[in-house]
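The values are calculated or read from the model by the stated rules, or taken from the named source; none is laboratory data. Remember, predicted model here, so these are calculated numbers, not experimental data. We place every Cβ from the backbone using ideal geometry, glycine too, and count neighbours over all the protein chains shown. Surface accessibility is based on the protein's heavy atoms, side chains included, excluding ligands, DNA and RNA. Shrake-Rupley method; radii C 1.70, N 1.55, O 1.52, S 1.80 Å.
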Amino acid sequence: MIVLPVTAFYASILAFIYLYITALVIIHRRSNRIGVGDGGDEVLQRLVRVHGNFAEYVPLTLLLLAILEISTEIPWLIHLFGASLVIGRVLHAYGLRHSVGATWQRVAGMMLTVMSLFGLASANLTLIYWLPFL
């Protein structure tokens, strides 16, 4: 049996964040009686983008994190990428929820997210293709 405790930890934290974001969308929809779409509501538009952006980036990044955890025994590296993803997603969600413009939270959040995605992809490729030849 393969056990991925680090990935499981970060996936669980991210799931709770996702549930919180989902609840924000549902609560706003119900309180403003918007069943489908965004009804032209700017707050709901931002909440839907927070939710969508999270759903767009997190699954692939978690998959790469799991692959790295299976492929290596370097826990600090896995924690580095996992923590960066969590912090990045929280910062981005906060910044987008509270402003339509580019805030430092949105910029830093996307930078951490993209750096995690890029770093994990690079680390996995390095481990699979180049490390055996060194």
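Residues within the reach of a label modelled at residue 87 (point 7 angstrom out along Cα to beta-carbon, backbone nitrogen below 20 Å), restricted to segment 95-109, are 95-97, 103-109. Spin-label model, residue 77 to residue 108: label points 7 Å out along the Cα-to-beta-carbon direction sit 2.7 nm apart. Put a dot 7 Å past the Cα of residue 128, heading toward its Cβ, do the same for residue 33, and the two dots end up 5.3 nm apart. Here the mean projected area of the convex hull built on the C-alpha positions of segment 1-40 is 4.0 nm². Our compactness index for the chain, the C-alpha radius of gyration over the empirical 2.2 N^0.38 Å, is 1.21.
With all pairs of separate Cα atoms included, segment 13-80 yields a Kirkwood hydrodynamic radius of 13.9 Å.
Protein heavy-atom surface of the chain, 1.4 angstrom probe: 71% of the accessible area is carbon and sulfur, with nucleic acids and ligands not counted. Shown in residue order for segment 99-106 are the 3J(HN,Hα) couplings computed by the Karplus curve 6.51 cos²θ - 1.76 cosθ + 1.60 at θ = phi - 60°: 7, 8, x, 7, 9, 4, 5, 5 Hz (x for Gly and Pro).
The helix-only estimate of mean residue ellipticity at 222 nm for the chain, built from DSSP H runs of length n ≥ 4 each weighted as -39500 (n - 2.57), is -27500 deg cm²/dmol after division by the residue total.
At full extension, residue 99 and residue 70 could sit 6.6 nm farther apart than now, given 0.36 nm per residue minus the alpha carbon distance. Think of a 1.4 Å ball rolled over the protein heavy atoms: the chain then has 60 Å² of accessible area per residue. Computed across segment 37-113, the Kirkwood hydrodynamic radius from all distinct Cα-Cα pairs reaches 13.4 Å.
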